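Only one structure is covered here, and it is reproduced in the block below.
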Amino acid sequence: MMEYTGKVREITRDAKSNNFIVSVELDEAYFSDLKKVQEKGQMSIAFKEYRKKRSLDANAYYWVLVEKIATLNGSSKNVVHNIMLERYGALERMEGGQLIPICIRDDIDHREMDYMHLKPTSKTLEKGDIRYRWYYLIKGSSQYDYLEMSVLIDGIVSECKELEIETLPPDELRRMKEAWKP
């Protein structure tokens with residue numbers, strides 16, 4: 001799969017087929033890649049609004065703060081990471097925008113999980129003598145775009161200040177969040 005950023009330059013309609021013809025301007029692309037796409041013929045094409053991707057510096061800084069909180073509280077990094085995602089994370093959504101529900105046994109500590117991140121709901125169900133709880137799936141921070149990562153960083157910085165953990169000055173935080181890479 002190839003993914004590019006750019007903008008729609010022109011939209012016309014073919015008089016014979018009545019199909020739309022969309023001309024796009026790509027920020028960066030290789031001619032050889034585009035020729036391969038053209039040779040494949042029929043393609044599935046999706047347009048989505050462009051959003052800045054998060055900075056790798058921001059992700060590294062986030063994990064530094066997770067470790068500081070874990071050390072102070074005597075918790076694991078997984079637990080702190082999952083708590084931060086519960087409070088400030090972005091919920092995973094299906095293609096149609098629906099949230100992704102998951103039901104697991106209520107006695108399982110979802111905050112210890114490192115393979116998926118869950119936000120608990122108040123909905124439970126009983127099956128025999130076992131209680132189950134419904135959760136929504138949270139995106140892992142490695143999938144976050146610029147805006148989602150900014151919310152996560154602001155949240156963990158706020159938590160650190162409450163715990164009297166030293167954080168970067170506001171202008172350095174702002175620079176780090178703005179230093180995104182496409």
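The values are calculated or read from the model by the stated rules, or taken from the named source; none is laboratory data. Small disclaimer: the values here were computed from a predicted structure and weren't measured. Using ideal geometry, Cβ is built from the backbone for each residue, glycine included, and neighbour counts are taken over all protein chains shown. SASA here: full protein model, heavy atoms, side chains in, ligands and nucleic acids out. Shrake-Rupley method; radii C 1.70, N 1.55, O 1.52, S 1.80 Å.
A compact table of results
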item	result
Qualifying helices (runs of 4 or more DSSP H) (wholly inside the stretch 13-90; at least 3 residues being more than 27 Å from Tyr135 (Cα to Cα) and open to solvent by 50 Å² or more (accessible area, probe 1.4 Å))	31-40, 56-73
Residue check for Ile104: among the hydrophobic types (A, V, I, L, M, F, W, C), touching a helix residue (DSSP H, G or I) at 6+ places or on another chain (Cβ under 8 Å) and under 26 Å from Ile69 (Cβ atoms)	yes
Considering residues of the stretch 172-182 that are of a type in the set (Lys, Arg) and assigned to a helix (DSSP H, G or I) only, the residue surrounded by the most Cβ atoms within 10 Å (Cβ to Cβ)	Lys177
Residues located in the stretch 127-171, provided they are assigned to a strand (DSSP E or B) and farther than 18 Å from Arg111 by Cβ	Lys127, Ile130, Asp145
Any chance Lys35 is in contact with a Pro (Cβ under 9 Å, 6 or more places away or on another chain) and at pLDDT below 95	no
Matching residues, the stretch 114-171, being closer than 15 Å to Val66 by Cα, small (Gly, Ala, Ser) and open to solvent by 40 Å² or more (accessible area, probe 1.4 Å)	Ser142, Ser158
Close pairs from the stretch 78-101: first within 10 Å of Tyr136 (Cα to Cα), partner part of a loop (DSSP other than H, G, I, E, B) and open to solvent by 50 Å² or more (accessible area, probe 1.4 Å), Cβ under 8 Å, at least 6 apart	Ile100/Met94
